[in-house]
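Read the structure below first, then the notes.
Readers should treat all values here as calculations from the given coordinates under stated rules, not as data from a laboratory. Worth saying up front: this structure is predicted, and the values here are computed from it rather than measured. Cβ placement follows ideal geometry from the backbone for every residue including glycine, while neighbour counts extend to all protein chains displayed.
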Amino acid sequence: MDFIGRPVADLDTPAFVVDLPILRRNLARMQTAAERAELAMRPHIKAHKAPALARMQLQAGAVGVTAAKVSEAEAMVDGGVGDVFIANEVVGEAKVDRLATLAERATVSTAFDSVAVAGGYSRVFAERGLTLDVVMEIDTGAGRCGVPPEQAATLALSVSDLPGIRLAGIMAYAGAAYLEAGARGFERAAAAEGEALRQVADALRAEGYAIERVSGGSSPTGLHYRLDGGLTEMRPGTYAFYDMNQVDLGAAWVSWISATILATVISTPGRDRGIVDAGSKSLGTQVTPVSPGCGWVADDLGVVVGKLNDEHGYLDLRRAMRSYEVGDKVRIIPPRVCTAVNLYDELYLVEDGLVVEVCPVTGRGKSR
Ligand SMILES: Cc1ncc(COP(=O)(O)O)c(C=O)c1O
């Protein structure tokens, strides 16, 4: 069925709905913040996984995009994106081989944090007569991947003779920002991340490495980088949509949330309870316990999805401002939008209550 031009409420549910004017404002706000701090913008596509939205980000001024997986990067290149940074360690010959094939038709770079990972890239790329730009991942406090800053020079030296790769820069994942709350905390996290990376970059440059890219950033810190803060590029992702986790962290207002899940009330078994057709397979799951709930009705925020089964969401109606009847359609704010979008084949862009575009989520489920 063609939904273009039809009211949002006509959509079959559950559906992933994006308010286009809010999305545009989110992209413009973050792009402006990047430009104010003289940072290249390289948004992470994990939040939308849709080439059409990546193209909007490029149009807004991004220099390229970031992905976590080779298959996501492939989806972006297939969708017309010419420059993808995989900000993750790519391990295994099958994956690196696909990375090399991708590098033959797009500008590709990727991360490493060990000789083992860099050696894997080197073997495949050298054999195919290609050179891969690699970016050393530094752990500036997130405690995920990355070498400790003091080991960066040793690692750079260990990989410096490997054929088929070129050390293009350093990166960090600003996960520590998620332990902060509110603007002051994000400012602190942004400054600390930039300073830690600046010191590593300066030390490597002093050893003669051409560190062109110093990549960091997240949605919470993205609005808080200063000029000469140590980075050259930033990679926020969730900011395109935002979600309740970002609001509860103090990184966004509810009015900045552009993505909701349209769901239908299928049962009203009691005065205090309504059941919608969106459970964990439609709303996604939390990966951090930031927000106490599984979803919120966008225009009646006291109504929380308090519990999920696979295909059922439990609306807690005790604080409802209106009544809920079987057949009503409700827009639910997910706690974490990145895992929600991964459940949909398409997202619907809407403006003034009407569907204006249907965008395939071709990066959906691309975890290889
Ligand atoms: C490598 C990397 N870069 C950037 C980000 C920024 O994402 P967000 O916008 O969710 O803060 C993430 C988040 O998971 C990430 O893993």
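Below, the figures for the structure above:
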item	result
Sequence-distant residues sharing a close amide H with GLU357 (under 5 Å, placed H)	LEU349
³J(HN,Hα), Karplus 6.51/-1.76/1.60, whole Hz, each residue of region 48-62, x for Gly, Pro	10, 6, 10, x, 4, 6, 4, 5, 4, 5, 5, 4, 6, x, 5
Most positive-pole-ward Cα, PRO163, GLY327, ALA111, against dipole of the chain from beta carbon charges	GLY327
Using θ = phi - 60° and Karplus 6.51 cos²θ - 1.76 cosθ + 1.60, couplings along region 183-195 (whole Hz; Gly, Pro as x)	4, 4, x, 5, 4, 4, 5, 5, 5, 5, 4, x, 5
Exposure proxy ranking, count of Cβ atoms within 10 Å, fewest first, for THR140, THR32, THR221	THR32, THR140, THR221
Length released on extending from GLU127 to GLN199, taking residue separation times 0.36 nm less the Cα-Cα span	22.5 nm
Length released on extending from LYS307 to GLU187, taking residue separation times 0.36 nm less the Cα-Cα span	39.8 nm
Set of lysines near LYS46 by C-alpha distance (under 26 Å), chain-local residues within fewer than 8 positions excluded	LYS69, LYS95, LYS281, LYS307, LYS366
Virtual spin-label span in nm between THR101 and ALA210, 7 Å along Cα→Cβ	3.1 nm
Karplus (6.51, -1.76, 1.60) ³J(HN,Hα), θ = phi - 60°, over region 30-42, in Hz, Gly and Pro reported as x	6, 4, 4, 4, 5, 5, 4, 8, 6, 10, 5, 9, 9
Over region 306-368, relative contact order from alpha-carbon pairs under 8 Å, at least 6 apart, %	20 percent
The chain: translational diffusion in µm²/s, Stokes-Einstein, Kirkwood Rh over Cα pairs, 10 °C, 1.306 mPa s	74 µm²/s
Extended-chain gain in nm, criterion 0.36 nm per residue less alpha-carbon gap, ARG318 and GLN59	88.8 nm
Nonlocal amide H pairs with ASP139, under 5 Å, H built at 1.01 Å	VAL147
Fewest-first sequence of ILE86, ILE333, ILE4, ILE45 by Cβ atoms within 10 Å of each Cβ	ILE4, ILE86, ILE333, ILE45
